[in-house]
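The values are calculated or read from the model by the stated rules, or taken from the named source; none is laboratory data. Just so it is clear, the model here is predicted, and its values are computed rather than measured. Note: ideal-geometry Cβ built from the backbone for every residue, glycine included; neighbour counts use all protein chains shown.
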């Protein structure tokens with residue numbers, strides 16, 4: 001049986017949608033909009049690593065990084081099988097990152113939570129998939145080493161058990177996220193900015209896009225706003241391709257993103273460090 005967060009800690013938070021035992025005591029403001037609503041989800045790398053709820057349950061940083069990478073890989077696979085857009089997969093990953101910012105890996109099965117996040121992301125991004133499809137494909141991925149799993153999940157008793165688990169998980173996720181489904185991604189500002197550059201646009205866009213996707217498997221989306229991640233990805237892609245970005249005229253390229261060169265350098269160092277640490281776990 002998958003272990004979920006106990007009812008005391010997952011349902012008895014304050015009326016603001018705060019999980020009482022979390023170090024991230026952030027009230028949910030139902031009247032906030034746009035950036036104001038999402039502002040509460042950004043923390044420094046130090047805060048994320050040192051205030052981890054999982055750490056209190058004996059899960060060290062290396063193990064937590066592995067678990068994060070694991071549910072991201074699971075979501076990418078599930079999203080592709082469900083044939084949803086990359087944006088929907090990215091939203092599911094962000095939901096999962098936010099959930100485990102406030103809840104412990106020791107008390108919540110990551111693949112159950114990830115399945116819930118994919119189901120929610122489909123609705124949020126207006127690319128919904130039937131709950132039955134999500135459950136069947138998720139179960140097949142989780143038990144991919146078991147040839148009998150495909151037939152087993154078709155049995156009513158097994159399916160209903162999984163359905164009950166996912167619906168219970170959905171309630172836990174909704175409360176933990178404070179019913180905040182506001183997620184923006186770096187993809188749009190990245191593509192719009194590159195279109196303005198007189199450089200090898202396709203190559204730059206592809207490499208930058210890949211950097212964004214690599215960063216999704218880390219805590220970067222909990223540290224930086226989407227347009228800063230887009231700027232950082234372009235910065236790293238240009239370095240990788242040895243492409244000179246526009247730096248003359250009235251506005252240099254990075255001003256499009258309201259960032260400074262120092263912030264770009266800081267972002268790139270953090271990004272490379274996190275991705276390198278992730279690669280070492282493979």
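Among the residues of the stretch 175-193, is any crowded, with 16+ Cβ neighbours inside 10 Å, touching a helix residue (DSSP H, G or I) at 6+ places or on another chain (Cβ under 9 Å) and more than 30 Å from residue 267 (Cβ to Cβ)?
Checking the stretch 175-193: at least one residue is crowded, with 16+ Cβ neighbours inside 10 Å, touching a helix residue (DSSP H, G or I) at 6+ places or on another chain (Cβ under 9 Å) and more than 30 Å from residue 267 (Cβ to Cβ).
Among 172, 158, which is farther than 24 Å from residue 73 by Cβ, at pLDDT 90 or above and either in contact with a strand residue (DSSP E or B) (Cβ under 7 Å, 6 or more places away or on another chain) or outside the structural domain of residue 260 (by TED's automatic domain parsing) (or both)?
Only one candidate passes the filter, namely 158.
Evaluate the following for residue 150: is it touching a helix residue (DSSP H, G or I) at 6+ places or on another chain (Cβ under 7 Å), surrounded by fewer than 17 Cβ atoms within 10 Å (Cβ to Cβ) and farther than 30 Å from residue 230 by Cα? So that I can check it myself, show each step before the final result.
Details: touching a helix residue (DSSP H, G or I) at 6+ places or on another chain (Cβ under 7 Å): yes; surrounded by fewer than 17 Cβ atoms within 10 Å (Cβ to Cβ): yes; farther than 30 Å from residue 230 by Cα: yes.
When the stated conditions are applied, residue 150 passes them.
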